[in-house]
Amino acid sequence: MTLASKYDPQAVEDKWYQYWTDHRMFHSEPDSRPAYSIVIPPPNVTGVLHMGHMLNNTIQDVLVRRARMRGFNAVWVPGTDHASIATEAKVVNFLKEQGIDKKDLTREQFLEYAWQWKEKHGGIILKQLRKLGASCDWDRTKFTMDADLSEAVTDIFVDLYNKGKIYRGVRMVNWDPKALTAVSDEEVVYKELQSKLYYVRYAIEGEPGEYITIATTRPETILGDTAICMHPEDERYAKYKGKRAIVPLVNRSIPLIYDEYVEREFGTGALKITPAHDINDYNLGIKHHLETINIFNDNGTLSENAQFLVGMDRFEARKAIIPMLEEAGSLVKIEDYTNKVGFSERTNEVIEPKLSLQWFCKMDEMAKPALKAVMDNHIKFYPEKFKNTYSHWMENVKDWCISRQLWWGHRIPAYYLPNQEFVVAHNVDEALNIAKQKYPELNLTKDDLKQDEDVMDTWFSSWLWPLSVFDGIRKPDNPEIKYYYPTSALITAPDIIFFWVARMIMAGIEWRGDIPFKDVYFTGTVRDKLHRKMSKSLGNSPDPIMLMEKYGADGVRFGMLLSSPAGNDLLFDESLCEQGRNFNNKVWNAFRLVKGWTVDANLPQPPHTKVAVEWMRERINEVLTDMEEDFANYKLSEALMAIYKLVWDDFCSCFLEIVKPGFQQPVDGKTFSDITNIFETLVTIMHPFMPFITEELWHALRDRADGEALMLSQMPDVKPVNKSLLDDFAATRSIIEQVRHIRSEKNIAPKNALTLMVHDERPVNEELEAVIRKLANVDKIEHVAESTEVQGASFIESQTKYSVPLEGLVDAGEEIKKLQAELKYAEGFLQGVLKKLSNERFVANAPQNVVEMERKKQADAEEKIRLLKEQISKLQ
RNA sequence: GGGAGCAUAGCUCAGCUGGUUCAGAGCACCUGCCUUACAAGCAGGGGGUCACAAGUUCGAAUCUUGUUGUUCCCACCA
C-alpha cells in the first residue's frame with residue numbers, strides 16, 4: 001500500500017461526518033447513563049459562520065465528544081434564534097431591492113415574506129457547523145419561533161403578567177429611528193465622535209439686552225426646549241432667579257430652573273432642557289414639572305411640533321438650524337468637541353431617546369436568587385473574574401423593556417378592548433372569555449379584541465432556551481427535561497452575560513426552581529494579531545469555510561483551541577491553523593511508518609523496545625492524569641498542548657525511533673501489537689480535539705465492523721503514575737541528548753557510531769542502555785572506573801560521569817576552556833547554596849525538607865566540581 | 001467619573017496556599033542535516049533584573065502598598 005506523504009483532510013472529513021450521521025451517532029435519548037448536556041448559544045437564523053462561532057462551537061464539540069467517550073449520555077442541542085431586529089432589517093432590505101416597501105404590506109403579508117426568506121436563507125450556519133465536525137443532535141434542532149417554543153414564550157408572558165411582574169408604562173426608551181423600534185439599554189453601544197459644541201444665547205424675558213448662553217451638541221432640539229437649568233449656587237446666574245427666557249426661533253417663554261445636577265464648570269454652566277429628547281432632561285422635567293414637547297417623528301425627522309424644518313432628518317436639521325440661529329443673532333460660537341453617542345447595536349443608527357408606551361418586565365425579585373446562585377458557586381464561572389461583572393449588574397438591575405415595534409417575533413399576547421382596557425391571555429379565545437367576565441356589559445365578540453401590535457425582545461425567548469428546547473415550560477414533567485436539565489455547561493461570549501446568561505439563570509430558577517447550567521465557560525474575543533476585534537467592516541476576519549478547506553477542519557480546530565485559555569482573547573493568526581495542519585500531517589506520517597512495516601511473528605521483542613513500550617504507556621497515563629485537571633478547569637489549550645507534545649515529542653521523536661526496525665527489516669509481532677494498541681490509545685485521546693483524522697486512523701489501524709466508531713469508544717482509564725520509571729527514562733533521554741550535543745558540536749555525522757564510557761562500575765539497566773545505543777547511535781557502552789582517563793568529550797548526569805572517546809577530534813585547549821566555564825558556574829552555584837546553609841535563621845526557620853534539599857544541592861555541586869577539576873587536570 | 005482584570009523570552013501564554021517543577025511551554029529565531037514515515041521534517045542551540053519602586057520575610061515572579069502602562073465592564077456632562 002502506498003500512502004501520500006501529505007495528509008489530505010478533504011478526502012476524509014466529509015466521509016466520516018456522513019458515517020456518523022448515517023448511524024445517528026450524535027443522537028441521544030434519555031437512558032440509565034448519566035447525562036451530559038449542552039445547548040448551543042443559538043446563532044441568528046440568517047447568520048453565517050464567523051471566527052467567534054468557530055471558537056465557541058469547537059469548544060462545545062470537544063466537551064461533548066469527550067463526555068460521550070467518558071460514559072456520559074451526551075447531547076448537544078443545536079438551533080437558531082429568530083433575531084427579530086436583525087432579521088426584520090434584512091427582510092426589509094431584501095424587499096426594498098424587489099421594489100416593495102414594508103409600509104405597503106400588511107402584517108400577514110410581511111410575515112409571509114419573512115418566513116419565505118427564513119426558509120431560504122435560514123440555517124446556513126447549521127450546515128456550516130457540520131463542516132467543523134460539530135456533533136450536534138440534529139434531530140433536536142430548534143428555532144426560537146417554532147410553534148412549541150413560541151407557545152412557551154406566550155405562557156411565560158402570561159404567567160409573569162399574572163404574577164404582576166410585567167407592566168405597561170410610559171418611559172424614556174432608546175429609540176432606533178431606522179428600525180422604528182425601542183431597544184434595550186444593553187443593545188446600545190456608545191462610540192466616541194468628533195462633534196461640535198454650539199453656544200446659543202437665549203434672551204431673558206422682560207430684560208432687553210440680557211441673555212443666558214447655553215452650550216449644546218444638539219442645537220436642533222432647541223425647538224423642543226422647555227426650560228433652562230443652572231446650578232442653585234452659581235453666582236453668575238443668581239440674578240435671574242424667577243425670570244423666564246425666550247427660546248430662539250420659536251419664541252417660546254420658558255422658566256429658568258435651578259438644580260444641583262448641573263456642572264458649573266461645563267460649557268457656560270447653563271443647560272437647556274428638552275425633556276422629550278434626553279433622559280436626564282426628562283428626569284429634570286418630572287422633578288420640576290416641565291412641559292414635554294416631542295419634536296421628532298418616529299423615523300427621526302422633525303415633526304409639526306418643531307414648527308421649523310418640519311419633515312427634515314434630525315442630522316440635516318442640525319446643520320440647517322445653524323444659519324437660522326446665526327441670522328436670529330442667537331449663535332455665540334462653535335467649538336470642536338468630542339463626545340460619546342449611543343448607537344443601535346443592530347442597525348448602527350444613532351439612538352434617539354424617546355418617550356413611549358412600552359411593556360416592561362420587573363427584574364429586582366428575579367435577580368436576587370440568580371445572583372446568589374453564582375456568588376455561592378452553585379453555578380461556576382470560568383474564569384471566575386466574570387463573577388464581579390455579573391454581581392455588579394445584578395445588584396443594579398433595571399426593569400427590562402421587552403416590547404419591540406416590529407413584526408418578526410413573538411407577538412405580545414395582550415388584547416385591547418373597545419373601552420381602552422386590555423387583557424393578557426394565551427390566545428384570543430381565552431382573552432375573550434376573560435374580557436367577557438370582566439366586562440359583561442360590553443357584549444364582546446372576537447372582532448372587538450385587537451391584539452397588541454408589538455413583538456417581544458428576542459432575548460425574551462432566548463432566556464428560556466435551556467428550558468424550552470426540552471419542552472420544560474409546556475410540559476414540566478416530561479422525561480427529557482427531567483433527564484437533561486440542568487445542562488452541564490454553557491459556552492458563550494462574555495459580552496452577552498447580561499442579555500442572556502443572567503436572564504437564563506433567572507428564568508431557570510423562576511420556572512423550574514433550578515439553575516439552567518452548572519458551569520459557564522466564557523470564551524474570549526477573537527482578534528487579529530494586531531489585537532483588533534475581527535469584524536466585517538475591518539475586513540480582518542478570515543472566512544472559516546475557506547480556512548477549513550485550506551487546513552482541514554481538524555487543523556483549524558487545533559489552531560482555534562491551542563491559543564484560547566478561558567476568558568483570554570484569542571489572537572488569531574493563520575499560522576495557528578498551519579501548526580494544526582502540520583500536526584495532523586505528523587500523525588498521518590507516523591501512521592504511514594507503522595503501516596509500512598512487515599511483521600515476523602517469530603522474532604522476539606528486543607529489550608529496548610520492551611522498556612520503550614512500558615515507558616510510553618506510562619507517559620500516556622501521566623498525560624491523561626494531567627488532562628483530567630485541565631478539563632476540570634476548562635484549560636483546553638493546555639490539555640491540547642499536552643497531547644501535542646505527547647504525540648510529537650514522545651511518541652514520534654522518541655518512541656517510534658526506538659522501536660523502529662532496521663531498514664527493510666521486519667518487526668516482531670509483540671512489538672507490532674503493542675504499537676498498534678498505543679497508537680489506538682493516542683487517537684482516542686486526540687479524538688475530541690481532532691475528530692476526523694483520528695476516526696480515519698482508528699479505522700485504518702484495525703478492521704472494524706460497520707457501525708463501530710472511535711467517537712463512541714471509551715477514553716482509557718487513568719491509573720496512578722509510576723514516577724520512577726518516568727524519571728529513569730528522563731535521565732536516559734538526557735544522556736542521549738548530551739551525546740547528540742557532542743555529535744553536533746564536533747560535527748560527527750549521525751551514521752558514524754560512537755563509543756560511550758560510563759565512569760561507574762555498578763550494575764546497570766540493560767534495557768535503558770539499549771535505548772541509548774539506538775537513539776544516540778552508540779555501538780559500545782563500556783563501564784570503567786571513575787578515574788579512567790578518556791581522550792574526548794564528557795558530561796555529568798545524575799552524579800555519574802560519561803565520556804565519549806574522540807581521538808584526535810578534540811582540541812584540548814577548547815575543552816579546558818569549556819570545562820572551566822562550567823566549573824566557574826558550579827562554584828558560583830555552590831557559593832549560593834553554602835551562603836543559605838550558613839544562615840542560621842534559614843536553617844532554623846525553613847521547613848526541614850527545604851533545608852534537606854539545599855544539602856543535596858550542596859552535595860551534587862561538590863561532586864560535580866570534583867569531577868570537573870579532575871577532568872581539567874587530566875587534560876592539562 | 002465608578003469598578004474589575006492584566007503586566008514573565010521577539011510573539012502568545014503556563015507558573016496553585018511564598019522554598020528543585022523557579023525562571024518554563026509552543027511558535028518565531030540561529031546552526032547543521034534531503035539520516036530507511038514526515039523539509040508541513042530531523043538533530044542541536046541562543047533568548048527574560050519576571051513593568052517600576054518601596055515594604056513584609058531567613059527566603060518574593062509569587063504576599064502588601066504605591067507608581068506607570070494596558071484591557072474590559074458600568075455610568076453617559078449637555
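The values are calculated or read from the model by the stated rules, or taken from the named source; none is laboratory data. The structure displayed is predicted, hence computed values, not measured ones. Ideal geometry is used to build each Cβ from the backbone, glycine not excepted, and the neighbour counts take in all protein chains shown. SASA here: full protein model, heavy atoms, side chains in, ligands and nucleic acids out. Shrake-Rupley method; radii C 1.70, N 1.55, O 1.52, S 1.80 Å.
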- When only Cα pairs under 8 Å and 6 or more residues apart are kept, what is the percent relative contact order across chain A? 12 percent
- So for R0 = 41 Å, FRET eff. of A:ARG841-A:LYS874 from the Cβ-Cβ r, to 0.05, ends up at 0.45
- Pair A:ILE334, A:GLU708: separation of 7 Å Cα→Cβ label points (nm): 8.0 nm
- Accessible solvent surface per residue of the range A:35-132, calculated while the other protein chains remain in place, 1.4 angstrom probe, Å²: 37 Å²
- With label points built 7 Å along Cα→Cβ from the Cα atoms of A:THR625 and A:ASP139, find their separation and express it in nm. 4.1 nm
- Report the residues of the range A:730-748 in range of a label on A:TYR825: point 7 Å along Cα→C-beta, backbone N strictly under 18 Å from it. A:734-746
- Message: Against the empirical 2.2 N^0.38 Å scaling, what ratio does the C-alpha Rg of chain A come to?
- Response: 1.29
- Take the Cα gyration tensor of the range A:805-876, multiply each eigenvalue by 5, square-root it, and list the three semi-axes largest first, rounded to whole angstrom. 34, 10, 8
- Normalised convex hull volume, the range A:161-217, alpha-carbon set, Å³ per residue: 183 Å³
- Task: Leaving ligands, DNA and RNA out of it, report the carbon-plus-sulfur percent of the accessible area of chain A at a 1.4 Å probe.
- Result: 49 percent
- Query: Which value, in Å² and to the nearest 10, is the accessible area of A:HIS392 when all protein chains are kept and the probe is 1.4 Å?
  - Reply: 120 Å²
- Largest-first principal axis extents of the Cα set of the range A:1-52 (Å): 45, 35, 18
- Task: Using the charge dipole of chain A (Lys, Arg: +1 at Cβ; Asp, Glu: -1 at Cβ; taken about the Cα centre), state which of A:GLY99, A:PHE381, A:PRO418 has its Cα farthest towards the positive end.
- Result: A:PHE381
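Ignoring ligands, DNA and RNA, how do A:MET641, A:MET145 rank by accessible area with a 1.4 Å probe, largest first?
In descending accessible area the options line up as A:MET641, A:MET145.
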- For an R0 of 56 angstrom, estimate the FRET efficiency from the Cβ-Cβ distance between A:VAL48 and A:SER724 and round to the nearest 0.05. 0.55
- Relative contact order for the range A:806-869: what is it in percent, counting Cα pairs under 8 Å that are at least 6 residues apart? 46 percent
- With each run of n ≥ 4 DSSP H residues scored as -39500 (n - 2.57), what mean residue ellipticity at 222 nm is computed for chain A after dividing by its residue count and rounding to the nearest 500 deg cm²/dmol? -13500 deg cm²/dmol
- Gain upon complete extension [A:ILE496, A:SER32; 0.36 nm per residue less C-alpha separation]: 163.6 nm
- Item | Protection proxy ranking of A:275-286, A:53-64 - average other beta-carbon atoms within 10 Å, highest first | A:53-64, A:275-286
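Set the Förster distance to 41 Å, then compute FRET efficiency between A:GLU233 and A:HIS392 from the Cβ-Cβ distance, nearest 0.05.
Values: r = 33 Å, r/R0 = 0.80.
So, using R0 = 41 Å, E works out to roughly 0.80.
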- Accessible area expressed per residue, the range A:540-597, with surrounding protein chains retained (probe 1.4 Å, Å²): 34 Å²
- Note on the structure: Put A:LYS196, A:LYS533 in order of accessible area, largest first, probe 1.4 Å, and you get A:LYS533, A:LYS196
- Rounded to two decimals, the Debye log10 I(q)/I(0) of the range A:178-315 (Cα scatterers, no solvent) at q = 0.11, 0.12, 0.16 Å⁻¹ is -0.42, -0.50, -0.88
- Contour minus Cα-Cα distance for A:ARG264 and A:ASP569 (0.36 nm per residue): 105.6 nm
- Just the accessible area per residue of the range A:257-325, please: how many Å² with a 1.4 Å probe? 50 Å²
- Task: With no solvent and one equal point scatterer placed on each C-alpha of the range A:122-225, evaluate the Debye formula and give log10 I(q)/I(0) for q = 0.10, 0.14 Å⁻¹, two decimals.
- Result: -0.69, -0.95
